[in-house]
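In what follows, a structure is listed as structure tokens, so that the remarks can point back to it.
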Amino acid sequence: MAAYVDDTLGADPSWGIIGASLRRPDTRDALAPQDFLYTLVVRSGSGTTTRVIGSVLDILDATTQREDLIAALADPRTRIVSLTVTEKGYCHDPATGALDPTHPDIIHDLAHPEMPVSATGLIVRALELRRATGVPPFTVLCCDNLPANGETVARIVTGFAALRDANLADFIVAEVAFPSTMVDRIVPATTEDDRKFVSDATGIADAWPVVTEPFAQWVVEDKFPAGRPRFENAGVQLVGDVRPYELMKLRMLNGSHSTLAYLGYLAGYEYVSDAIADPAIHALIRDLMTEEVIPTLPRDLRDLAPYRDALLARFANPALKHRTWQIAMDGSQKLPQRLLGTIRDRLALGRPANRAALGVAAWMRYVIGVDEHGRAIDVRDPLAERLRAIADAAGGAPARLVDGLLSVKEVFGDDLPGNAVFRETLVSHVASLMQRGSLETVRILLSHDRR
């Protein structure tokens with residue numbers, strides 16, 4: 001977003017971004033000494049370009065500047081509040097998309113509404129202050145991988161507000177815009193090697209450069225009552241309904257990415273480009289998109305074969321160094337949106353979802369916490385302890401592991417655990433992953449597909 005806004009400043013320099021970190025001061029501490037400027041590094045197999053992004057004006061650390069952050073949110077000059085807090089930052093039930101009132105942050109914010117800690121609590125508090133002072137509300141712009149993300153965040157925010165004040169909830173429903181968006185650009189975590197590259201290439205020390213790929217797509221529903229930058233001049237696709245694009249990206253890019261990450265990590269591949277270079281994994285991911293995902297997508301989308309091929313080329317970009325471990329994080333939050341929607345649609349039509357189910361099975365094998373070589377896996381997930389307890393209780397028995405993990409309703413809901421076809425497919429895949437390993441399991445699946 002900062003790059004897109006930066007692209008609009010030549011025509012309209014009145015816009016800028018105040019960042020907010022809700023958990024750690026790292027980004028503020030890194031960028032404050034350099035006036036919040038940072039280097040955007042675009043890498044491809046054919047070369048690298050750099051540019052300085054100047055659209056960020058300030059960054060506030062909520063752990064030490066909470067009152068300043070609330071004041072900035074309530075400031076009439078703030079017209080858009082965007083969210084990029086990952087799926088787990090919404091304190092919701094991913095299986096239903098509803099607010100989780102038992103989440104510790106929500107419990108805290110209901111008890112202390114003037115000093116909230118969650119993104120939802122901060123937004124509601126700011127809207128409450130703006131209503132009290134007659135300041136028009138800002139637009140809430142979600143940029144995370146959630147289904148119908150604007151509608152989902154609206155449901156979460158109004159659900160929280162209703163627990164505090166029914167009139168405030170009614171005000172939000174009537175007055176606040178929640179446009180949905182689809183963001184598609186691969187951005188690996190910044191490394192020390194990236195910092196060294198920027199220093200060597202530019203002669204400037206940058207504490208937090210951002211490295212990305214040439215491809216960028218941002219699709220946004222054009223609902224901004226309080227105004228917006230001239231995004232159309234920066235290549236943003238402004239549409240009436242983002243849902244077809246969102247579904248395309250969630251299932252084709254993100255679903256493939258997660259499947260690739262779990263299988264690739266288990267196979268010993270550190271980077272996405274290494275994993276997709278394996279002929280078996282490449283064939284599986286291509287077939288997953290072609291045979292299982294694309295048939296579930298809206299028919300009014302254009303021919304999706306070029307998008308599929310572009311994704312495969314992007315995964316193969318050796319310059320990105322996108323770690324499979326990074327993508328594997330927070331699987332319990334990601335699977336419902338990335339893979340389970342495809343699986344549900346396939347099962348409803350009586351069609352197989354063997355490849356997508358293999359992605360889920362690879363996640364189940366991954367959360368055991370030990371890789372194929374006996375090394376410990378650092379499983380980062382909000383439910384990590386619970387998942388590990390289920391895996392330990394299974395004692396290496398594939399069926400017990402599958403049944404235990406399927407019982408996690410936050411991930412699989414009430415319907416999938418009772419689907420015998422899905423369960424049997426998972427048990428078969430998990431057993432093969434345990435006995436034969438990731439790559440051999442993929443090869444066996446591919447050989448069955450070709451019969």
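The values are calculated or read from the model by the stated rules, or taken from the named source; none is laboratory data. It should be emphasised that the depicted structure is a prediction, and the values quoted were computed from it without experimental measurement. Here Cβ is always computed from backbone atoms with ideal geometry, including for glycine, and neighbour counts include all displayed protein chains.
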**OP:** List the number of the failed condition for R23; all other conditions in (1) within 30 Å of A328 (Cα to Cα); (2) in contact (Cβ under 8 Å) with a residue 60 or more places away in the chain; (3) basic (K, R) hold.
**Re:** (2)
**OP:** Hey, could you check segment 352-363 for residues that are at pLDDT 95 or above and out of contact with any Gly (no Cβ under 8 Å at 6 or more places or on another chain) and say which is farthest from Q435 (Cα to Cα)?
**Re:** A353
Subject >> Matching entry among R185, R195, R228 (being within 17 Å of the chain's Cα centre (by Cα), more than 30 Å from R436 (Cα to Cα) and in the same structural domain as I156 (by TED's automatic domain parsing)) >> reply: R185
Original post:
Out of curiosity, is R51 under 20 Å from the mean Cα position of the chain (by Cα), over 18 Å from L127 (Cβ atoms) and of a type outside the set (G, A, S)?
Top reply: no
**OP:** Hey, could you check segment 1-28 for residues that are aliphatic (A, V, I, L, M) and part of a loop (DSSP other than H, G, I, E, B) and say which is farthest from the chain's Cα centre (by Cα)?
**Re:** A11
Original post:
Does L288 qualify as being part of a helix (DSSP H, G or I) and either buried (at least 24 other Cβ atoms within 10 Å of the Cβ) or of a type in the set (D, E, K, R) (or both)?
Top reply: yes
Subject >> Per-region count, segment 405-423, residues part of a helix (DSSP H, G or I) and within 29 Å of the chain's Cα centre (by Cα) >> reply: 12
**OP:** Give me a count of the residues in segment 419-451 that are at negative phi, at pLDDT 95 or above and not hydrophobic (A, V, I, L, M, F, W, C).
**Re:** 13
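Here is a yes/no grid of residues against (1) hydroxyl-bearing (S, T, Y); (2) at pLDDT 95 or above; (3) crowded, with 21+ Cβ neighbours inside 10 Å; (4) within 19 Å of T84 (Cβ to Cβ):
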position: V140; (1), (2), (3), (4): no, yes, yes, yes
position: V153; (1), (2), (3), (4): no, yes, yes, yes
position: L163; (1), (2), (3), (4): no, yes, no, no
position: S180; (1), (2), (3), (4): yes, yes, yes, yes
position: A189; (1), (2), (3), (4): no, no, no, yes
position: V242; (1), (2), (3), (4): no, no, yes, yes
position: L247; (1), (2), (3), (4): no, no, yes, no
**OP:** Among the residues of segment 374-385, count how many are surrounded by fewer than 19 Cβ atoms within 10 Å (Cβ to Cβ) and in contact with a Gly (Cβ under 7 Å, 6 or more places away or on another chain).
**Re:** 2
Original post:
Within segment 15-44, restricting attention to residues that are charged (D, E, K, R) and surrounded by fewer than 17 Cβ atoms within 10 Å (Cβ to Cβ), which residue is nearest to P76 (Cα to Cα)?
Top reply: D35
**OP:** Could you grab me the full set of residues in segment 296-329 that are buried (at least 18 other Cβ atoms within 10 Å of the Cβ), at pLDDT 90 or above and among the charged types (D, E, K, R)?
**Re:** R308, R314, R323
Original post:
Scanning for something within 19 Å of the chain's Cα centre (by Cα), among the polar types (S, T, N, Q) and either modelled with pLDDT of 95 or more or not assigned by TED's automatic domain parsing to the domain that holds Y307 (or both), does segment 207-222 turn up at least one residue?
Top reply: yes
**OP:** Give the residue that is surrounded by the fewest Cβ atoms within 10 Å (Cβ to Cβ), with candidates limited to residues of segment 340-370 that are within 23 Å of the chain's Cα centre (by Cα) and among the β-branched types (V, I, T).
**Re:** I368
Original post:
Residue check: is L73 aliphatic (A, V, I, L, M), within 20 Å of R228 (Cα to Cα) and crowded, with 17+ Cβ neighbours inside 10 Å?
Top reply: yes
Subject >> Listing of helices (runs of 4 or more DSSP H) fully contained in segment 307-390 that carry 2 or more residues being closer than 23 Å to T190 by Cβ and out of contact with any strand residue (DSSP E or B) (no Cβ under 8 Å at 6 or more places or on another chain) >> reply: 324-328, 331-335
Original post:
If you go through segment 85-100 one residue at a time, how many are surrounded by 14 or more Cβ atoms within 10 Å (Cβ to Cβ) and outside any helix (DSSP H, G or I)?
Top reply: 11
